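Heads up, the thing below is written out as structure tokens.
The values are calculated or read from the model by the stated rules, or taken from the named source; none is laboratory data. For clarity, every value in this text was computed on a predicted model and none was experimentally measured. Neighbour counts run over all protein chains shown; Cβ positions are idealised from the backbone, glycine included. Note: accessible area is taken over every heavy atom of the protein model, side chains too, but ligands, DNA and RNA are not part of it. Shrake-Rupley method; radii C 1.70, N 1.55, O 1.52, S 1.80 Å.
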Amino acid sequence: MMEWELVGLVLAGTYGVYLILWNLSFPSLETTKHSGREDSIDTIRGFAMTAIVIIHIHSYFAFFHPKDFIVTSITLFLSNICRFSVPSFIFISAMFLNKKNGYWQSKLKNLFIPYFFASLFGYFLKYQSYSFTEFFKFLLLGKVFTPYYFVPLLIQFYILFYFFSDLLKKSNFFWTFLTVSFLANLTSNLGFFDSYLPKEYHSISIFNYVFFFYLGLAWKDLKLKGKKEDILGFSVLFCIFIGITLTQSIQGIDLKNHHLFYPIWGMIFISIFSKYLPSSIRMIAQYIGKRSLAIFLLHPFVIHLMHIFDPYVLGGPMVSYFLTLFLNLTIPLLIYKIITSQMDKTLN
């Protein structure tokens, strides 16, 4: 973990010097609106949600075939390059935070209530014995399904923003807060807070993602001047990160979601190069992105139930991989469509 962070620090520092010497600016997130939404942001959400599913697919394949070195190395590599996913959602959520009337009502309706019912059904599905105390604890810590830790983590950031939004948005404190959040996140990643925080809090610690949160809040104010945006150097650096990730994956190293440097390159890479993809792929990514919360809450049910059979029964390693990915995206979307259709009929 420490080696990965230090390598990222060296590469990012080298890249910064390169930008200064050549008077270039860091590539920016492209934002284009359509029907009141940020299409490029929905595209990033779509790829990030797909990336979360890919991470969990590796665990599924490794569970049944831990000794199949080639397959598990490939699925681990795909999982590791998808570790930009959770930081991306933290970053994007912060970008659009606005303290206004109905702040908590919208969070309750659009996040906590769906999360509560998904956790409730998941608890009864996954566990043999039931306890209100245990369920309440799992709800607070996001432990009904492993990826659910993201919700209590996000709620903490919502609370932080609610009470300190005026201070956090003061432009004259920008570089101070950016530096402090970076150092806090780096310190957390290196494990220096582990002995001071309760063990059960580690997975939902805001220190693991505080830099991405503040970076999202301040992104529009972050002006990196240069005669033009750098694409070539960025692409070279991204390829270096891919090469390092491949090496780590072959060694069986499972990277974490909250490394500081790679997620930023992942988000920018998607923003820049997604415009070169066929419009049909971008539309699919945007469709997934707009429904990412539904997939996030429902996909764990699908992958959990799929653990009753070996993935290879779906057609061998390659076919079963893509079929597993397809099922874990389409089944949640289908369930979401059925639920929303029934709700619309009830309301009408």
TODO: Please state the charge dipole magnitude for the chain, taken about the Cα centre, from unit charges on C-beta atoms (+1 on K and R, -1 on D and E), reported in debye and rounded to the nearest 20.
DONE: 980 debye
Task: Shape call, the chain: gyration tensor on alpha carbons, a/c limit 1.5 - done: rounded
Task: Dimensions (Å) - the stretch 154-245, Cα atoms, principal axes, largest first - done: 44, 36, 20
Task: Accessible surface of the stretch 183-340 [probe 1.4 Å, protein heavy atoms]: carbon and sulfur percent - done: 71 percent
TODO: Given the options G13, G46, G102, state which has the largest fluctuation in a GNM of the chain using a 10 Å cut-off (strictly under) for Cα springs.
DONE: G102
- [ ] At 0.36 nm per residue, minus the direct Cα-Cα distance, what do L277 and V10 gain on full extension? Give it in nm, one decimal, please.
- [x] 93.0 nm
TODO: Compare the Cα positions of W265, Q248, L314 along the charge dipole of the chain (+1 at Cβ of Lys, Arg; -1 at Cβ of Asp, Glu; about the Cα centre) and return the one farthest towards the positive end.
DONE: W265
TODO: Check the straight Cα-Cα distances from K337 and name the lysines below 16 Å, setting aside those fewer than 8 residues away within the same chain.
DONE: K290, K345
Open item on the list: Please compute the Kirkwood hydrodynamic radius of the stretch 272-348 from all pairs of different C-alpha atoms, in Å with one decimal.
Closed with: 14.3 Å
TODO: Would you work out if the stretch 210-348 is rounded, prolate or oblate? Take a ≥ b ≥ c from the square roots of the eigenvalues of the alpha-carbon gyration tensor; rounded if a/c is under 1.5, else prolate when a/b is larger than b/c, oblate otherwise.
DONE: oblate
- [ ] Kindly flag which residue pairs out of K107/K169; K109/K143; K100/K256 have an alpha-carbon separation exceeding 29 Å in this structure.
- [x] K100/K256
Task: Convex hull volume of the stretch 56-166 per residue (C-alpha atoms, cubic angstrom) - done: 121 Å³
Open item on the list: Taking a ≥ b ≥ c as the square roots of the Cα gyration tensor eigenvalues, with a/c under 1.5 meaning rounded and otherwise prolate when a/b beats b/c, else oblate, which class fits the stretch 81-239?
Closed with: prolate
